[in-house]
Amino acid sequence: MRTLYVYLLLPVMAIANANVRSAHQISSLVGWAATPHRIFWTTNAGVEWSDITPSVSSSNISSVFFADEAHGWIVAFSGLSWSLAQTGNAGRTWQIRPLPAPTDATDYSGVSSVFFSDLNHGEIYLRLASSSNFIISLQLTSADGGATWNVVPGPKIQNGNSTTHQDLTQGWFVNANGFCAGFKFARVAALPDG
């Protein structure tokens with residue numbers, strides 16, 4: 001018995017002069033696409049797109065994460081500071097707040113990654129300017145849906161250019177050469193201060 005696979009190609013509205021840098025399909029119909037300054041939303045598999053960009057003045061969209069069809073976070077960098085835009089209604093409205101970044105803004109590359117394992121627990125990596133041999137980032141964590149962020153002490157060294165998580169302990173990373181590898185972190189016991 002043979003299986004025949006048929007692919008249906010739908011007409012997709014182009015996002016004019018978009019320079020799309022990242023995109024994600026959340027469900028069969030819903031997804032987003034981000035450019036350096038805008039984010040677009042589709043509810044019909046890309047046939048039509050709506051601009052849902054939050055008003056983060058003169059900022060570059062650095063990273064985007066949607067946990068589901070309603071809840072999303074955008075990290076933006078203005079060259080002087082980092083901010084976080086958060087929505088609970090698919091981008092119809094946004095809450096915007098500054099992110100704590102304890103070093104000089106010139107220390108940052110403008111690249112970040114954001115991930116939430118559930119609607120409360122998230123992490124952000126703000127990439128610092130560093131060598132091409134490795135990536136050093138400042139890690140922020142949240143346990144309240146992104147309302148407040150804690151800086152994890154010390155810079156974090158990363159090997160890959162992008163990371164996709166299943167949760168905070170496992171996922172995939174892709175390096176600059178396109179190499180993809182899975183990872184799973186073992187449980188680490190908390191150490192006392194001092």
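The table for this structure:
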read-out	value
Complete set of residues in segment 94-121 that are modelled with pLDDT of 85 or more, outside any strand (DSSP E or B) and among the charged types (D, E, K, R)	Asp118
In segment 65-90, the residues that are open to solvent by 20 Å² or more (accessible area, probe 1.4 Å) and either under 26 Å from Ser27 (Cβ atoms) or aliphatic (A, V, I, L, M) (or both)	Phe65, Ala67, Asp68, Glu69, Ala70, His71, Leu80, Gln86, Gly88, Asn89
Scope segment 60-93; condition touching a Phe, Trp or Tyr at 6+ places or on another chain (Cβ under 6 Å) and assigned to a loop (DSSP other than H, G, I, E, B); matching residues	Ala67, Gly91
Condition met for Ala45 (closer than 22 Å to Val20 by Cβ, open to solvent by less than 50 Å² (accessible area, probe 1.4 Å) and of a type outside the set (Ser, Thr, Tyr))	yes
Pick from segment 22-42, criterion open to solvent by 10 Å² or more (accessible area, probe 1.4 Å) and free of Cβ contacts under 8 Å to residues at least 24 places away in the same chain, ranking: nearest to Ser78 (Cα to Cα)	Arg38
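Results for (1) within 18 Å of Val114 (Cβ to Cβ); (2) at pLDDT below 90, shown as yes or no for each residue.
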{"position": "Leu4", "(1), (2)": "no, yes"}
{"position": "Ala23", "(1), (2)": "yes, yes"}
{"position": "Thr53", "(1), (2)": "yes, no"}
{"position": "Ser57", "(1), (2)": "no, yes"}
{"position": "Glu69", "(1), (2)": "yes, no"}
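The values are calculated or read from the model by the stated rules, or taken from the named source; none is laboratory data. The shown structure was predicted, so the numbers you read here are calculated from the model rather than taken from an experiment. Positions of Cβ are backbone-derived with ideal geometry, glycine not excepted, and every protein chain shown enters the neighbour counts. For accessibility, only protein heavy atoms count, side chains too; no ligands or nucleic acids. Shrake-Rupley method; radii C 1.70, N 1.55, O 1.52, S 1.80 Å.
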